Amino acid sequence: MLLRTAWRRAAAAVPVAPGPKSEAPTRGLRLRVADHAPQSAVPSDTATAPQAESVLRPLYMDVQATTPLDPRVLDAMLPYLVNYYGNPHSRTHAYGWESEAAMEHARQQVASLIGADPREIIFTSGATESNNIAIKGVARFYKSRKKHLITTQTEHKCVLDSCRSLEAEGFQVTYLPVKKSGIIDLKELEAAIQPDTSLVSVMTVNNEIGVKQPIAEIGRICSSRKVYFHTDAAQAVGKIPLDVNDMKIDLMSISGHKIYGPKGVGAIYIRRRPRVRVEALQSGGGQERGMRSGTVPTPLVVGLGAACEVAQQEMEYDHKRISKLAERLTQKIMRSLPDVVMNGDPEHHYPGCINLSFAYVEGESLLMALKDVALSSGSACTSASLEPSYVLRAIGTDEDLAHSSIRFGIGRFTTEEEVDYTVEKCIHHVKRLREMSPLWEMVQDGIDLKSIKWTQH
């Protein structure tokens, strides 16, 4: 409340420079006011008054990368950013006690969302740290007896890199291939489990193609073979129903900013019965049951807890709404454009993540053309390498199609108008880029591109 009052007073005191009236924002663009405040926080005679200027920003359709903060989450966090600033580990005064109470309430909120006991929730800095703790922590703790791990070829990079790091330490890792649909073969998983396998790590929902793995079946296999099961559920928690006991999950990674919470906070679920032991990666004061030393950031974990509670309340409504918008987007694009391929299994799929390949169009060119919509490409257009996505390669997508993929993200705050605008622009630019493509022209003339032997000059 104090913070809001201070902002209102500051805003009232700022004279807005008269200028020409800005034109109404073009359809599909959101108007955001950027407040360019002076560098110094201390008022001085020389400091210039901050000027408010209107900035047009693209529509946001990249919710797999991050989600906007839900206003209800911000409301829960504000008191702990301003008034209740105690260290939650200070046991000798009220400031510490009130922060600790807030932290434990947040732990309860996270646990409730996944059907866990609050004592099984450990706060971390995000899903990357949670994945590192789960994979390296379990492998190193049981290394005297078990030196083998299993994961898939389509995992998030932090899981694959953690496994590579363990390989350098002498562990053996099996990287399971996936079927064309993006789903693993359960028989292959069973066959890969060895007597010295300590952990199986399979992500719940893929961040690039939105495919849902059969988590409950994997959990049953792991439980029957006495192997711990970890799942990276960053893209699934709060979006689809998950229960760690029903699905026999032993470790689960959670991210705050993927569920309309703040960035820089996450959690890991670590089962207590039967107990899973992990070797801590970080040394320090022994906070979070000795598994993650360091002061817990109260405002961030309060935000994570609030985001989990809101997600639990609105999951069913959000899922129905997002499914409807996703169907609208795919149907309109596929009805208007030929040679569009949806990557990943259409049935076992989270609807908010749609990965489409537009044949005979470069994904990078399409992204640049769609500059008023924030999207991402399945190919590594932002890296120095122009190699297509390893996830699309793993599901057997042709290299040319993998290069032409775009990921559309639909979330809680995406509107029907935004979907329609994105579809309209996408169709227009794909048609325009195909008209410029000699390959598209050859296909229209009935030439089979795969039969051509290209020569280098």
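Around the amide H of residue 185, modelled in the peptide plane, lie the amide H atoms of 179, all under 5 Å away and 5 or more residues distant in sequence or on another chain. Protein heavy-atom surface of the range 70-308, 1.4 angstrom probe: 51% of the accessible area is carbon and sulfur, with nucleic acids and ligands not counted. Relative contact order of the chain: 18 percent, from C-alpha pairs under 8 Å at least 6 residues apart in sequence. For residue 412, neighbours were defined as the other residues whose beta-carbon sits under 9 Å from its Cβ, and their charges (Lys and Arg +1, Asp and Glu -1) total -2.
Which three numbers, in whole Å and largest first, are the semi-axes of the equivalent ellipsoid of the range 274-321 derived from its Cα gyration tensor as √(5λ)? Kindly include the intermediate steps, with their values, before the conclusion.
Details: eigenvalues 196, 48, 11 Å².
In descending order, the three semi-axes are 31, 16, 7 Å.
How large is the helix-only mean residue ellipticity at 222 nm for the chain, computed as the sum of -39500 (n - 2.57) over DSSP H runs with n ≥ 4, divided by its residue count, in deg cm²/dmol to the nearest 500?
On the way: 13 runs with 171 residues, N = 457.
Only helices count here, giving -12000 deg cm²/dmol.
The phi-based Karplus calculation (6.51 cos²θ - 1.76 cosθ + 1.60; θ = phi - 60°) puts the 3J(HN,Hα) values of the range 96-110 at x, 5, 5, 5, 5, 4, 5, 5, 5, 5, 5, 4, 4, 5, 5 Hz, whole numbers, x for Gly and Pro. Each peptide in 162-175, 142-155 was scored by the mean count of other Cβ atoms within 10 Å over its residues; highest first, the order is 142-155, 162-175. When a/c is below 1.5 the answer is rounded, else prolate if a/b is larger than b/c, else oblate, so apply that to the range 126-280 with a ≥ b ≥ c taken from the square roots of the Cα gyration tensor eigenvalues. Because its axes are fairly even, with a/c under 1.5, the range 126-280 counts as rounded.
Each principal axis of the Cα cloud of the chain was taken in turn, and the coordinate range along them, longest first, works out to 80, 75, 44 Å.
Residue-wise HN-Hα couplings along the range 286-303, as the Karplus relation 6.51 cos²θ - 1.76 cosθ + 1.60 with θ = phi - 60° gives them from phi, are x, 5, 6, 6, x, 8, 8, 5, x, 5, 6, x, 3, x, 6, 6, 4, x Hz; Gly and Pro carry x.
With K and R counted +1 and D and E -1, the other residues having a Cβ less than 11 Å from that of residue 106 yield a net charge of -2.
How charged is the neighbourhood of residue 388? Take every other residue with its Cβ under 10 Å from the Cβ of residue 388, and add Lys/Arg as +1 and Asp/Glu as -1. Intermediate results must be reported in sequence, preceding the final value.
On the way: positive: 393; negative: 387, 398, 399, 400.
Cβ neighbours under 10 Å give a net charge of -3.
With equal scatterers on the alpha carbons only and no solvent term, can you work out the Debye log10 of I(q)/I(0) for the range 317-457 at 0.11, 0.15, 0.21 1/Å? These q points yield log10 I(q)/I(0) values of -0.42, -0.78, -1.43.
Which percent, to the nearest 5, of DSSP beta bridges fully inside the chain are antiparallel?
Working: 29 of 46 bridges.
Here the antiparallel bridges make up roughly 65 percent for the chain.
The values are calculated or read from the model by the stated rules, or taken from the named source; none is laboratory data. Since the model is a prediction, treat every value here as computed from it, not as a measurement. Glycine gets a Cβ as well: all are built from the backbone with ideal geometry, and neighbour counts include every protein chain shown. The area values use the complete protein model at the heavy-atom level, side chains included, leaving out ligands, DNA and RNA. Shrake-Rupley method; radii C 1.70, N 1.55, O 1.52, S 1.80 Å.
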